[in-house]
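Take a look at the structure below.
Read-outs: derived from the displayed coordinates by stated rules, not from any lab. Being a predicted model, the structure only gives us computed values, none of them experimental. As a convention, Cβ positions derive from the backbone with ideal geometry for all residues, glycine included, and neighbour counts pool all protein chains shown.
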Amino acid sequence: MSSAARRRRRLLIASAVLFVVVGSLLVNAEVVTRQSAEASGNPTLPLAGGNIYVRQDGPFDAPALVLIHGLAASTRSWDALVPLLTKSHRVIRIDLLGHGRSAKPAGGGYGMPEQGRRVGEAMDRLGVKHATVVGHSTGGAVATALAEQRPDLVTSLVLIDTAPRLAAAVSSGGGVGELLYAPVIGPLLWRLRTDSLIRNAASSAFSRRGYQVPQAVVDDARGMTYHALIATTQTGDAYVNQRALPDRLIPLGKPLLVIFGEEDRRWRSSSAAEYSAVPGAKVELLPGVGHSPVMEDPPRTAALLLAFATSHTTQAH
């Protein structure tokens, strides 16, 4: 075989390999983005778009606190906080669509207004007439959407490390977390994800002070579908980008508490001051805490939350 023929053969083989690799990546992306899952929790509420897992703790005749978790989390993110709240409150936790033990459809339903409507429907089913609604991170956008749609249900609002606007983002300089959102590469990383990869991506949700990412956080992220992750991220960004949260909250006239970890590595803690534009808003910064005060410092978070909720529950009655 001549050298020219050998070169042509190597080129054909390389082209064939490249074709197979690219084809496999595209097929993987198509498969991963179409994955879905049914609700697995008990009890679940059958709601339009998919069943929702709900958990309740504390006395049913006490004032209600509704807790809404953040992106790629679940009701378990509140586990350390709940026992500090249940002596005086009925605590209701909800796995958002696409998260935890709730359904993960391959279609829509992940927008903040839709998620907020679903939380409102769950409250109706549970007989909750009004509550202090608490949202962590993306959950704060859902809580805001709920207050916009159903002001009758929301006595007061607590937003924990929820960005007032997208410009508050801390520049990360790239990394595994950002690659997850890249076309083709993202679905491949999702298919090949390991606990170590997830823990690396989730590390920015905590301060740098030696806090170990809990296994529950890793498990919750692993349990999501790629479509649910991307859809929730994109619709959450669109909601905040369409109108900044302080601008949405001002006309609602709801008592507002904003809690931010001073060492938040996802959103600039200084951006919490933007919520001061909301009349009567109270802003609290927690030193030594990152993006997840509910897990990093439950006692301080619970103390702030209870003082606020008790005050405004009393005023409401």
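Across region 123-133, rounded Karplus estimates of 3J(HN,Hα) from the backbone phi angles (6.51 cos²θ - 1.76 cosθ + 1.60, θ = phi - 60°) give 4, 4, 4, 8, x, 8, 8, 7, 7, 7, 9 Hz, Gly and Pro being marked x. Less than 5 angstrom separates the built amide H of Glu262 from those of Leu286, Gly288, Val289, all sequence-distant by 5 or more or on a different chain.
For region 217-303, the relative contact order comes to 26 percent (Cα pairs under 8 Å, sequence separation of at least 6).
Where does each of Ile198, Ile259 land when they are ranked from fewest to most other beta-carbon atoms within 10 angstrom? Don't skip to the answer; put the middle values down first.
Working: Ile198 22, Ile259 27.
So the ranking, lowest neighbour count to highest, is Ile198, Ile259.
Rounded, prolate or oblate for region 83-168? Axes are the square roots of the Cα gyration tensor eigenvalues, ordered a ≥ b ≥ c, and the cut-off for rounded is a/c under 1.5. Rounded shape, in that the Cα axes give a/c under 1.5. Shown for Lys104, Lys282, Lys129: other C-beta atoms within 10 Å of each C-beta, ranked fewest to most, produce the order Lys129, Lys282, Lys104.
Sort 95-103, 200-208 for me by packing, meaning the mean count of neighbouring Cβ atoms within 10 Å per residue, highest on top.
Working: 95-103: 26.6, 200-208: 19.7.
Packing order, densest peptide first, comes out as 95-103, 200-208.
Using θ = phi - 60° in the Karplus curve 6.51 cos²θ - 1.76 cosθ + 1.60, the 3J(HN,Hα) couplings for region 303-308 round to 4, 5, 5, 5, 4, 5 Hz; x is entered for Gly and Pro. For Ala64, the residues 5 or more places off, or on other chains, whose built amide H falls under 5 Å of its own are Arg90, Thr132. Sorting 184-193, 283-292 by average packing, meaning the other beta carbons within 10 Å per residue, from highest down gives 283-292, 184-193.
Residues whose amide H comes within less than 5 Å of that of Val283, counting only those at least five positions distant or on another chain, are Val258 (H built at 1.01 Å from N in the peptide plane).
Rounded, prolate or oblate for region 212-307? Axes are the square roots of the Cα gyration tensor eigenvalues, ordered a ≥ b ≥ c, and the cut-off for rounded is a/c under 1.5. Please report the intermediate quantities before stating the final value.
On the way: a/c = 2.11, a/b = 1.19, b/c = 1.77.
Note, shape of region 212-307 comes out oblate.
Extension gain for the segment Ser40 to Arg243, taken as residue separation times 0.36 nm less the Cα-Cα distance, is 69.6 nm to one decimal. Sorting the segments 214-227, 154-167 by their residues' average number of neighbouring beta-carbon atoms within 10 angstrom, most packed first, yields 154-167, 214-227. Shown for Asp237, Asp195: other C-beta atoms within 10 Å of each C-beta, ranked fewest to most, produce the order Asp195, Asp237.
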